[in-house]
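The values are calculated or read from the model by the stated rules, or taken from the named source; none is laboratory data. Everything numeric here is computed off the predicted structure, so don't read it as measured data. Note that we place each Cβ from the backbone using ideal geometry, even for glycine, and neighbour counts take in every protein chain shown. Accessible surface areas use protein heavy atoms only, side chains included; no ligands, DNA or RNA. Shrake-Rupley method; radii C 1.70, N 1.55, O 1.52, S 1.80 Å.
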Amino acid sequence: LSQHKLRLSGARSTQPILVRAGPGTGKSWSMQQLVYFLSEALVSQEQKNAPQPVPLVPLLLPIQKLARMLRQQSRGGNASDFDGNLVRFFIKQDDDFSADTRKMLLQALELRTLVILMDGVDEAANVKQAVEDFVTKQLLPMGIPLVLTSRPEGIRKRLYARDFVIMNLQPLSTEEQHHIAEKQLRNDALFEHLAAHSLAVRAGDEAGTREHRKFIQDTLAVDDVALQRRLSAFEEISEKPVLLSVLVCLLKGWWGHVDELPCDKFELYEQGVRAKVAQDLKKSQGKYAISQLKQEEALQTVNLVEEMLQTIATANHLAKRRTFQLPDVHRALASVGKPQLLEVWSELLGLGEVPLVKILTLGEASGGEFQFCHLSFQEFLFVRELCRGEKVSSFWAEDMLNVRLNDPFYKNALALGHGHLGQALAKQQPQWNLDRHPRLSPLGLEGLQHLLAGASALESLDLSNVALDNPASMEALAAVVALEGLPSLKRLSLRYCKLPAGASAALGAFLARCPALEDLDLEWNRELLSTGKAAAGLSDALAERAYLTSGVWASDGATSQPSSNIHSGLSWPDART
């Protein structure tokens, strides 16, 4: 808020800011807080009789709302209302502003005293390029104070690297998030013990850890392995507000509290979405209300509504849409040949209470515009549809596998499907060939890790020419198969992957989880076993799991040598194992 002493001569002392954070970490809420604190500080300055040379005015500009206005404009709006300045266009088009407020904002824009907070650049959809061009080619030269937010994968960083201060949003602490959730759950005993267990573990309180762990295990009635998976999942869930809010929906239950806890994010959304839909239908007064139904009948209604939502979400995500219109809904529901689903949508829309869906506009020529309350709900429903197998083959066509994994739009969807999506794909397509163009990018390699988790039916994996020249890459692949392994994998090709010597132990750990492996191709990875330490690291990792006698690895008793089913092309040191 401090202004340069020569502000009246056009001088500035601030830089534009880009705030990056993942989905559901509080970007939009932070921008709302920023508007409040800016306004409070500006009013405080005036009250102290110390006004700035030119008063500043904050403006929150949700990019998704701007994108909707631009689409409406392109469908037949008044061309004179748009002069290329998106901020001026937004101020003129937003009906939430009174005439006096609109006049004040336009005047502040002309005086360059507007503090513009643009929330969600990654949500601009088909007008993102226009928004980015406007920001970098018009707003930036004007010198207007500017703050942008976006998911990291939703922007082209090179556009902002030179002129913007790029900041990563610091999430709420685990304790802060637990405190918020406890208020919503109103003294839920299970959640209180989960939060206390998490705190005790971090504090090294063994007695407290045992006490809370016993209560949780008795409540959930699970064995030690299942309990540990759920506790690990809870720690991951606690890191993101949107995940914790889904857990709150789940723990509130349908008819009182429920005593169940998910093992991963997929289960969290599956149970949470069902609980949220049930809660909304329980409050409904329409045809699909469930408050007076028996539980079995209520479940059937909830399943029907979920099927309708999943059909819409799948069509949206395949088309890479974040918002959708009524014709999109009609096409999606008509494509599955179930007229009842369209009837469900129409009934709920008429009451203005479609579960998980935010109604943005109604009554326009397009019939209205909608979006899921959070993109992650659309992503989960899309992933669950893929996991059912009917659309897996078409989405994961062999020539599209690398394209899908490299696409930033599907990044969070793949993460939600960790341990589930790969299982479904491997059953449909047991041979995965990633030795094709476009080559797998670092983002694509991250997506592959999510697919490999749980891919128990996978029989052949060709990673030839995939860049694994960083030891961390092989370590990440070994980590995702550590729990369930790849029990059906018979062929693995890692030729031309440039595996470094530091990756040998991780490779051993990966191979140890592939008990059916018959054919291993390591050709042209000359650095992999270039030292005795690297060779020892590989054999030690295998020996830890009693894998040396399985036939995949052979030893002459003194020196490690490749067996007949391992392709050559390595530098094999004369190292004792």
Quick check: from the Cα gyration tensor, does segment 250-355 come out rounded (a/c under 1.5), prolate or oblate?
oblate
Using only the Cα atoms of the chain, construct the convex hull and provide its projected area averaged over every direction, in square nanometres to one decimal.
32.6
Taking the Cα-to-Cβ direction at ALA467 and at ARG158 and moving 7 Å from each Cα, how far apart do the two end points lie in nm?
1.4
Roughly how much of LYS27 is accessible, in Å² to the nearest 10, using a 1.4 Å probe?
30
If DNA, RNA and ligands are ignored and the probe is 1.4 Å, what is the ranking of TYR410, TYR496 by accessible area, most exposed first?
TYR496, TYR410
Inter-label distance, nm, simple model (7 Å from Cα along the C-beta direction), SER28/GLU211
4.1
Could you derive backbone 3J(HN,Hα) for segment 419-426 from the dihedral phi with the Karplus parameters 6.51, -1.76 and 1.60 (θ = phi - 60°), listing whole Hz in sequence and x where the residue is Gly or Pro?
x, 10, 5, x, 5, 5, 5, 5
Separation between the GLU40 and HIS374 pseudo-spin-labels, each 7 Å from Cα along Cα→Cβ, expressed in nm?
2.5
Computed over the chain: longest principal axis from alpha-carbon atoms vs helix 174-185 long axis, angle to nearest 10 degrees, is 70
Compute for segment 134-194: radius of gyration divided by Kirkwood radius, i.e. Rg/Rh, restricted to C-alpha atoms, rounded to two decimals.
1.27
Where does each of TRP432, TRP524 land when they are ordered by accessible area, with a 1.4 Å probe and the largest first?
TRP524, TRP432
Can you figure out the FRET efficiency of GLN73 with ARG436, using R₀ = 25 Å and their beta-carbon distance, to the nearest 0.05?
0.05
Helix 189-203 sits off the longest principal axis of the Cα atoms of the chain, rounded to the nearest 10 on a 0 to 90 degree scale, by 70
Among LEU105, PHE215, SER441 - extreme Cα towards positive end, dipole of the chain, charges at beta-carbon:
LEU105
Please state the shape class of segment 424-488: rounded when a/c is under 1.5, otherwise prolate if a/b exceeds b/c and oblate if not, all from the C-alpha gyration tensor.
oblate
Residue separation times 0.36 nm, minus the C-alpha to C-alpha distance between GLU260 and GLU176: what's the value?
27.9 nm
Rh (Kirkwood; distinct C-alpha pairs) - segment 451-499, Å
11.3
Just subtract the alpha-carbon distance of LEU111 and LYS137 from 0.36 nm times their residue separation and send over the number in nm, one decimal.
7.5 nm
Förster radius 60 Å - calculated FRET efficiency between ALA99 and THR531 (Cβ-Cβ, nearest 0.05):
0.20
Contour minus Cα-Cα span, LEU360 to GLU239, at 0.36 nm per residue, comes to 40.6 nm
Checking rank on 414-427, 510-523, 214-227, with mean other Cβ inside 10 Å and highest first, the result is 414-427, 510-523, 214-227
